[in-house]
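K.L.:
Quick one: the structure is below, and I'll ask about it shortly.
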Amino acid sequence: MYWQVTPYSYLLLMVAAMSAALVFFAWRRRGTPGAEALALLMTGVCMWAAGYALELSGADLPTKIFWAKAEYIGIATVPVAWLAFALQYTGREEQLTHRNVALLSALPLVTLLLAGTNEVHGLVWSSTGLTEDGPFPALEVDHGGWFWVHLSYSYLLLLVGTILLISMLTRSPNLYRKQNLALLVAVSVPWVGNGIYVLGFSPVPNLDLTPF
C-alpha cells in the first residue's frame with residue numbers, strides 16, 4: 001500500500017476520534033433509552049470516517065479500493081443503527097425483536113458482501129479509476145445497480161426514523177423538544193452532504209461530504 005496524506009484525511013480522523021469518544025460515552029449510559037443503539041450508530045460512523053480517511057490517503061488505486069470496501073462496514077451499519085436508535089429513543093424498543101433486526105439487516109449484509117466481491121459483478125461500482133482532477137488523487141467510480149438499491153433503502157430507514165422523532169417532537173415538553181430538534185438537525189446535515197455527493201455537486205471533485 002502507498003500513502004499520500006491529505007488535509008481531508010486529518011479532518012476525517014478527527015471525526016473518527018470524536019465518534020469513538022461518543023461510543024464510550026453512550027455505552028457507559030446504556031441503561032438510558034437509545035444509548036445502546038447510539039453506541040452502534042457511532043461505531044458505524046467511526047468506521048466509515050476512518051475508512052474514508054485511509055481511502056483518501058491511499059496513493060494508488062488498489063489501496064483506495066481496499067479501504068472503500070472497508071468503509072462499507074460502517075456504511076451498511078449506520079442506517080439500521082439510526083432506525084434502532086429512533087425506535088429506542090421514542091419508546092418503541094419492543095419492535096426491535098431479533099426477527100425484525102435480522103430482517104432490517106438483511107439488505108445491508110448483502111450490500112457488504114457485494115462490495116467485497118465487486119470485481120466479480122460490478123453491482124456496487126460498475127467502474128473504478130484514479131483521477132487527479134482535484135487537489136489530491138481520488139477514487140472515481142461509476143455506481144452500479146445495487147448501489148442505488150442500498151441508497152434507496154438507507155434513505156427509507158432514515159426517513160422512518162426521522163418521522164418517529166418528528167412525532168415525538170410535537171408532543172414533548174419544551175426541554176425535550178429542543179433535544180429532539182437538535183437530533184433532527186444532526187441527522188439531516190450528513191445526508192444533505194450525501195445527496196450533494198451522489199448528485200455530483202461536491203465542491204471538491206470526487207469528495208464524499210457525508211462522513212465529515
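The values are calculated or read from the model by the stated rules, or taken from the named source; none is laboratory data. Computed from a predicted structure; not experimentally measured. Because the Cβ atoms are built from the backbone with ideal geometry, glycine has one as well, and the counts that use them run over all protein chains shown. Calculation scope for accessible area: heavy atoms of the full protein, side chains included, ligands and nucleic acids excluded. Shrake-Rupley method; radii C 1.70, N 1.55, O 1.52, S 1.80 Å.
K.L.:
Determine which member of the set 140, 119 is acidic (Asp, Glu), crowded, with 17+ Cβ neighbours inside 10 Å and outside any loop (DSSP other than H, G, I, E, B). Write out each step before concluding.
P.N.:
Numbers: 119 fails: crowded, with 17+ Cβ neighbours inside 10 Å.
Every option except 140 fails the conditions.
K.L.:
Any residue in region 130-144 that's within 13 Å of residue 200 (Cβ to Cβ): show its pairings with residues that are open to solvent by 80 Å² or more (accessible area, probe 1.4 Å) and hydroxyl-bearing (Ser, Thr, Tyr) at Cβ separation under 7 Å, as long as the two are six or more apart or on different chains.
P.N.:
So the pair list comes out empty.
K.L.:
Further, regarding this structure: Tell me, yes or no, whether region 155-170 has at least one residue that is at pLDDT 85 or above, of a type in the set (S, T, N, Q) and either open to solvent by less than 80 Å² (accessible area, probe 1.4 Å) or closer than 22 Å to residue 110 by Cα (or both).
P.N.:
Scanning region 155-170, I find at least one residue that is at pLDDT 85 or above, of a type in the set (S, T, N, Q) and either open to solvent by less than 80 Å² (accessible area, probe 1.4 Å) or closer than 22 Å to residue 110 by Cα (or both), so the answer is yes.
K.L.:
From 134, 145, which residue is modelled with pLDDT under 80, open to solvent by less than 80 Å² (accessible area, probe 1.4 Å) and over 15 Å from the mean Cα position of the chain (by Cα)?
P.N.:
Of the residues listed, the single one that is modelled with pLDDT under 80, open to solvent by less than 80 Å² (accessible area, probe 1.4 Å) and over 15 Å from the mean Cα position of the chain (by Cα) is 134.
K.L.:
Which condition number does residue 58 fail, the rest of (1) open to solvent by less than 60 Å² (accessible area, probe 1.4 Å); (2) of a type in the set (Gly, Ala, Ser); (3) farther than 15 Å from residue 138 by Cα being met?
P.N.:
Here residue 58 meets the rest and fails (3).
K.L.:
Let me ask another. Please find, among 76, 86, the residue that is crowded, with 16+ Cβ neighbours inside 10 Å and touching a His at 6+ places or on another chain (Cβ under 9 Å).
P.N.:
76
K.L.:
Continuing with this model, one more query. Name the single residue, out of those in region 76-116 being assigned to a helix (DSSP H, G or I) and either touching a strand residue (DSSP E or B) at 6+ places or on another chain (Cβ under 6 Å) or among the β-branched types (Val, Ile, Thr) (or both), that is nearest to residue 161 (Cα to Cα).
P.N.:
Looking at residues that are assigned to a helix (DSSP H, G or I) and either touching a strand residue (DSSP E or B) at 6+ places or on another chain (Cβ under 6 Å) or among the β-branched types (Val, Ile, Thr) (or both), I get 80.
K.L.:
Could we say that residue 77 is under 14 Å from the mean Cα position of the chain (by Cα) and farther than 30 Å from residue 127 by Cβ here?
P.N.:
Taking the combined requirement at face value, the residue does not satisfy it.
K.L.:
Between residues in region 198-212 that are closer than 17 Å to residue 74 by Cα and residues that are open to solvent by 30 Å² or more (accessible area, probe 1.4 Å) and at pLDDT below 85, which pairs lie under 6 Å by C-beta distance while being six or more apart or on different chains?
P.N.:
Listed by first residue and then by second, the contacts come to 208/197; 209/197; 210/190.
K.L.:
Quick one: is residue 180 at negative phi and more than 19 Å from the chain's Cα centre (by Cα)?
P.N.:
Here the answer is yes, as residue 180 does meet what is asked.
K.L.:
Considering only region 14-54, how many residues are within 25 Å of residue 207 (Cα to Cα), in contact (Cβ under 8 Å) with a residue 40 or more places away in the chain and over 15 Å from the mean Cα position of the chain (by Cα)?
P.N.:
Selection size over region 14-54: 1.
K.L.:
Of these, 206, 180, 194, which one is in contact with a Gly (Cβ under 8 Å, 6 or more places away or on another chain) and not in a strand (DSSP E or B)?
P.N.:
206
K.L.:
If you don't mind, there's one more thing I want to ask. Taking region 92-106, which residues are without any contact (Cβ under 8 Å) to a residue 60 or more places away in the chain and either open to solvent by 40 Å² or more (accessible area, probe 1.4 Å) or more than 15 Å from the chain's Cα centre (by Cα) (or both)?
P.N.:
Of everything in region 92-106, those that are without any contact (Cβ under 8 Å) to a residue 60 or more places away in the chain and either open to solvent by 40 Å² or more (accessible area, probe 1.4 Å) or more than 15 Å from the chain's Cα centre (by Cα) (or both) turn out to be 94, 95, 96, 97, 98, 99, 100, 101, 102, 103, 104, 106.
K.L.:
Does residue 150 count as on the phi < 0 side of the Ramachandran plot, out of contact with any Lys or Arg (no Cβ under 8 Å at 6 or more places or on another chain) and touching a residue at least 24 places away in the same chain (Cβ under 8 Å)?
P.N.:
Against the criterion (on the phi < 0 side of the Ramachandran plot, out of contact with any Lys or Arg (no Cβ under 8 Å at 6 or more places or on another chain) and touching a residue at least 24 places away in the same chain (Cβ under 8 Å)), residue 150 qualifies.
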